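So the structure is just underneath, and the comments pick up after that.
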Amino acid sequence: MTAGAGPDLATASGVAGVRGWSPQRMWSVAGAVVLVACVWGFYAWDGAQTTAVLGGTVRAATLLVLGAMCGMIGERSGIVNIGIEGQFLMSAFTAFTVASMSGSLFLGVVAGVSTGLAMGWMLAAMSVGLRTDQIIAGTVLNIAALGLTSFFYDRGRSLGQPKYQSIELGPLADLPVVGTALFNRPPLTYLALVLVVVLHVLLLRSVWGMRTTAIGEHPGAAATVGIDVIRLRYWNVTLAGGLAGLGGAYLALESVGTFTRAMSGGRGFLALAVMIFGRRTPLGAYAAALFFGFTTALQGQFQLNDTFDIPAQFVGMLPFVVTIIVVAAAGLFGRMRDPAALGQPYEVR
Amino acid sequence: MVATAVSQAEPEVLLAGHGITKCFGPVVANDDVSVELRPGRILALLGENGAGKSTLVNVLFGLHRPDAGQVVIADENVELSSPHDAIARGVGMVHQHFQLVPPMSVVRNIVLGAEPRKLGMIDVTQARRRVLELADRFGLHVDPDAAVEDLPVGAQQRVEILKALYRDARVLIADEPTAVLTPQETDHLLDVLRGLTAQGVGIVFITHKLREVMAAADDIVVLREGKVVGTTTPAQTSEAALAELMVGRAVDLHGDRFESGATGVGSAAPAEIAADDAAPTSEAMAADDPERPVVLDIAGLCADDDRGQRAVDELSLEVRAGEIVGVAGVEGNGQRELVEAITGLRHATAGTVSISDRDASGARPRQVTVIGVGHIPEDRAKHGLIGSYSVADNSVLNRYFKRPFAAGGMLRRDRIDSHARDVVATFDVRTPDVESPADSLSGGNKQKLIVGREFSDEIDLLIAAQPTRGIDIGAIEFIWHRIRERRDGGTAVLLVSAELDEVLALSDRVVVMYEGRIVATVDPRTATREEIGLLMAGAAPGTECSVAGG
C-alpha cells in the first residue's frame, strides 16, 4: 500500500526536482516492494487479521498525517510548531462538546477546525508577531490545551449519537487487501486523503507553495521581491492550525467517538516525527504516517488476541520505540536539511 | 514585461539624488550628497567602508527615507516608501549578499514574487521561456533548471542580475559586485555591465577597488565621511589621486611590489616601495633558504566540507620560519577547510600536520594554540570574538586559562584588564574602555583586537585567514604592517585571502589552491594577476609560473 508513496520520499526531497535515482530513492522503492510483498503474504495467510491491521493502520495514519501537514506548512514557512499536540487536544474537546450539545457531527467538525485555526493564529501571534521563542510558544499551546480541557472536562457527557460511520466506495471497497482499509472508511478519512494530494500539489507546484518555501529558506530574499513575509507566515501558521483542528475533530468524532482527558496521547509530537521522516511533503508524510500507523495497529492487534505473553504496557510501547529507532536510523534515507530560516523570527527593517 | 526597456522614450536622468542627507542618531551617514546617473552610463561610487555608499544607495532604492533631499527616477521626483516602489519604477539591485533562495531553481528564483501563473500554479513553461529570452538578449548564460546552491558564485550573480532585468530594471545598482569573483569572472562581469549599458541600462557600481573603477566607470563619485569629495571621470584622474581622495591622505601600504598594484593604492608612494624592498629583501630571500626551519609541515592532508564532500585533497605544503606563504584561490576551493584542519577546528580524514616538528594531526584547538600558533579566523564574529564579552575578556580568549590570567581556577581580573589595556594601546583598538562589549567595536577595531590578542604571545606560526576582510584602508595598512613585522621577527605565516591583491602584496611565496589541491606555486614578484587568475580558475599551470619560489 505504500508502493505509490515510496518513490515520493525521494522526489519530495529536492525543491528543484530530482535528477536520476539517488540511493535513498532506491532504498525507498526497495522497501516499498518488500512491504507490499509481506502484506500480500500475510493477507493470503490470514485475511481477516491482515484487513484489521491495515484498517487500523489507515485509522492511525489519518490523525498523524493531518498533524504532520500542519507542522510542515509551518516549518516550510520558517515556524516550528510543537503545539500540534495541544491543537489536537483542544479541537477534539470543542468538536466533541459542540457535537454533543448540538447533536450535529458536522457542527462538531466545524467547531474543531475553528479551534485549530484559532490556536494556529495564537501561535502565529506569539512566534511571528511578538517574535517569541517558537518552542516556548508551542509549549504554551500544549499546556493551555491540557489545562483547559481537563478543567472543563465533563465525565458524564456523551456524544449522544453514533460516531462517523464508514462509507463504502462502491466496487473499490471490494478490492482485495486494500479494499476495506482504504475504500470503506468514514468521511473525514477520505477528506484527509484528498487534502494530502491537494496540499502536495500546492506545496510543490503552486505560487503559494513556492513563496512559502522562499520565506522559510531566505525571508530576506522573499522580502526584496515584494513578498510580505510576516503576513504570509501569519496566514500559513493559522491555516495550518485548521488541519490540526480537523485532526482533533477526527480523533473525537470519527476515530474514538468520545472525549477523554489528554486523549491526543503524544500523537501531536509523533506527527512531527512523521513530518520529518516524510521530508516535509504531504505524500512523504502519508507514507511515514502509514508506517507509524502500522506499528500502532500491530500493537493493538497484539493486545487484542494475546499473541505474545507480554504485559500490555510493553506492547503499547511499540510505536514509540519504533519512532526512536526510525528517527535515529533516518540517516539511512539521507540527511535532510531543515529550511534555512527555521525557528528564526523575521524582523522587518 | 520584458521587451519594453529599449522602446520607451529615453529619460534624460535615469536615477538621481539631489542633496541627500541621512542621519542615524548622531551619525551623519550622508551629508548633502548629490549624484546623477544617465542612460547607458556606469556611475562608480567609490569610498571606504563607512563612507556612506551603502546608505546612499539604500536611500535611492527606497530602503531608507532621506532626512532631506530629493530622489529622482526617470526625470520624476519620487517619494519611495519601500524597495517595491523603486522596483516598480525600474530600479533593480544586485545585492552583495545575493538575495536568492539556495535550494530553489534558477527559473523559480528569477520569477519569485512576479510569477507567470495558470490557475494559481506556476506556469513553468512560460517562466522558463522568458528567462531564456532574457539570458539570451543580455548574454547572461546560466542553466535555468539548476538549483542556485549548486552554481558557482559568478553564475549566482548572473541570476541576481537576471532577476532585476526580469522586473524591467532600467537602472541596476550593484553593491560591491566583484568582491566574491575571480579576476576572470570580474572581467566577464564588467563586460556584461558594458553590454547592458549598450542597451540603455544605467548602472550604479559600488566599490572600493580602484582598478575596476578605472576600467569600467564612465563617471566617478568619491565619498568620504558621508560627503562627496570628488566627482570625476577615469580620463581626468589616476588611481593614486582617487586613493588619496578616498582616504583623505596619501596612503602607504608598503610592499606593493609591482605596478599593477595592490588595491591600486601603492603606486602613490613609489619611493617608499623601493625602500621597503631594500630593507626586508634579505628576509624575503632568506625565506627560501633551506637553512631556515620548516615550521608548518603538511603532508597528504585531506578534509571534508560540511556536506561531507572532500574539500582538501591530499594537500602538502611547507611554511618556513620568516616567510609568508599566501594561499590564493577563489573562495570555496578548500581554503576554509584547510585552515580549520590545521587549527583543530575540523577533523582531517587523512594526512599529517606537524608544527615546529611536533605532530599536530588531530590536535584540538587549544593544543594547537599552546604549541605556539596564532589564528586570525576568517569569520571574526563567529570564530574570532565573543560579541557579548568585554574587550578585556576577548583579549585573553586564547590564554585565559594560563598564568598570569588564571590562578587556582580563578580569573585574575586585574591582570586581564591591564593586559587588555596594553593590547588596546599597542594595536590602536578604538574603544571607550576595555569593559565595553566587543560587539560595540567597528569591524576594523574588532580585527585589530583579534590581531593584538594573537600577537601578544610568542608564536612560531600565524594562520591568517582573510585578515582584512571588510575593514577600512587605515586598518588594513596597520594589520599588514604588523604581519610583516612578525614575519621579519621569524614567525612563519600562512596567509589565506580571497583578495588576490592582498596575497600578492604580503606573500613571499604564493600557492594557488583549486578544488582542494595546490595547483601551482608562483613567485609574487614575477607573476601577473592574469596568470594567477587563470590558475585560480583551474587552468593547467604553464611552465613559466610553476617554477617560481624555489
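When B:PRO39 is tested against (1) under 30 Å from B:GLN126 (Cβ atoms); (2) touching a residue at least 12 places away in the same chain (Cβ under 8 Å); (3) within 14 Å of another protein chain (Cβ to nearest Cβ), just one condition goes unmet, and that condition is (3). The single residue among A:PRO176, A:PRO187, A:PRO171 that is more than 30 Å from B:SER82 (Cα to Cα), touching a residue at least 40 places away in the same chain (Cβ under 8 Å), more than 14 Å from every other protein chain (Cβ to nearest Cβ) and more than 21 Å from the chain's Cα centre (by Cα) turns out to be A:PRO176. The one condition from (1) away from chain A (no Cβ under 14 Å); (2) of a type outside the set (A, V, I, L, M, F, W, C); (3) surrounded by fewer than 18 Cβ atoms within 10 Å (Cβ to Cβ) that B:GLY154 does not meet is (3). I'd like to check something: does segment B:230-249 contain any residue that is of a type outside the set (Gly, Ala, Ser) and part of a strand (DSSP E or B)? Yes, the conditions are met somewhere in segment B:230-249.
A:GLY226 - would you say it is touching a His at 6+ places or on another chain (Cβ under 7 Å), surrounded by fewer than 21 Cβ atoms within 10 Å (Cβ to Cβ), closer than 30 Å to B:ASP123 by Cα and small (Gly, Ala, Ser)? Answer is yes for this residue.
Candidates in segment B:173-193 are the residues that are in contact with a strand residue (DSSP E or B) (Cβ under 8 Å, 6 or more places away or on another chain) and more than 14 Å from chain A (Cβ to nearest Cβ); of these, the one that is nearest to B:GLY533 (Cα to Cα) is B:THR178. Out of segment B:55-88, which residues are out of contact with any strand residue (DSSP E or B) (no Cβ under 7 Å at 6 or more places or on another chain) and of a type in the set (Ser, Thr, Tyr)? If the condition is that a residue be out of contact with any strand residue (DSSP E or B) (no Cβ under 7 Å at 6 or more places or on another chain) and of a type in the set (Ser, Thr, Tyr), then B:SER81, B:SER82 are the ones that fit.
Tell me which helices (runs of 4 or more DSSP H) are completely within segment B:463-547 and hold 3 or more residues being in contact (Cβ under 8 Å) with a residue 24 or more places away in the chain, or say none if there are none.
Output list reads B:473-488, B:500-506, B:529-536.
Yes or no: segment A:312-329 includes at least one residue that is buried (at least 22 other Cβ atoms within 10 Å of the Cβ) and more than 21 Å from A:LEU89 (Cβ to Cβ). No, segment A:312-329 contains no residue that is buried (at least 22 other Cβ atoms within 10 Å of the Cβ) and more than 21 Å from A:LEU89 (Cβ to Cβ).
Yes/no matrix, rows are residues, columns are (1) farther than 18 Å from A:LEU64 by Cβ; (2) within 14 Å of chain B (Cβ to nearest Cβ); (3) without any contact (Cβ under 8 Å) to a residue 40 or more places away in the chain:
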{"position": "A:SER166", "(1), (2), (3)": "yes, no, yes"}
{"position": "A:LEU182", "(1), (2), (3)": "no, no, no"}
{"position": "A:VAL197", "(1), (2), (3)": "no, no, no"}
{"position": "A:HIS200", "(1), (2), (3)": "no, yes, no"}
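Candidates in segment B:380-414 are the residues that are in contact (Cβ under 8 Å) with a residue 40 or more places away in the chain and basic (Lys, Arg); of these, the one that is farthest from B:ASN445 (Cα to Cα) is B:ARG399. Does B:THR207 meet the test of being modelled with pLDDT under 75, touching a Leu at 6+ places or on another chain (Cβ under 7 Å) and under 27 Å from B:ILE161 (Cβ atoms)? Considered against the rule, which asks whether it is modelled with pLDDT under 75, touching a Leu at 6+ places or on another chain (Cβ under 7 Å) and under 27 Å from B:ILE161 (Cβ atoms), B:THR207 comes out as no. Scanning segment B:423-461 for residues that are charged (D, E, K, R), in contact with a strand residue (DSSP E or B) (Cβ under 7 Å, 6 or more places away or on another chain) and surrounded by 14 or more Cβ atoms within 10 Å (Cβ to Cβ) yields a count of 2.
Yes or no, residue by residue, for (1) of a type in the set (Val, Ile, Thr); (2) more than 11 Å from chain A (Cβ to nearest Cβ); (3) free of Cβ contacts under 8 Å to residues at least 40 places away in the same chain:
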site: B:GLY92; (1), (2), (3): no, no, no
site: B:VAL101; (1), (2), (3): yes, no, no
site: B:PRO116; (1), (2), (3): no, no, yes
site: B:ASP123; (1), (2), (3): no, no, yes
site: B:GLN126; (1), (2), (3): no, yes, yes
site: B:GLY139; (1), (2), (3): no, yes, no
site: B:VAL142; (1), (2), (3): yes, yes, yes
site: B:ARG158; (1), (2), (3): no, yes, yes
site: B:ALA169; (1), (2), (3): no, yes, no
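When B:GLU331, B:GLU337, B:GLU378, B:GLU314 are screened for being within 17 Å of B:LEU461 (Cα to Cα) and charged (D, E, K, R), only B:GLU378 passes.
Okay, residues lined up against (1) closer than 24 Å to B:ALA179 by Cα; (2) among the basic types (Lys, Arg):
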residue	(1), (2)
B:VAL72	no, no
B:ASN77	no, no
B:GLY90	no, no
B:ARG129	no, yes
B:HIS141	yes, no
B:ALA147	yes, no
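Of the residues making up segment A:274-289, those that are buried (at least 24 other Cβ atoms within 10 Å of the Cβ) and either closer than 14 Å to A:VAL53 by Cβ or not aliphatic (A, V, I, L, M) (or both) number 7. The residues of segment A:203-240 that are part of a helix (DSSP H, G or I) and facing another protein chain (nearest Cβ under 8 Å), listed by number, are A:ARG205, A:VAL207, A:TRP208, A:MET210, A:ARG211, A:THR213, A:ALA214, A:GLU217, A:GLY220, A:ALA221, A:ALA222, A:THR224.
The values are calculated or read from the model by the stated rules, or taken from the named source; none is laboratory data. Model, not experiment: these values are computed from the prediction. Glycine gets a Cβ as well: all are built from the backbone with ideal geometry, and neighbour counts include every protein chain shown.
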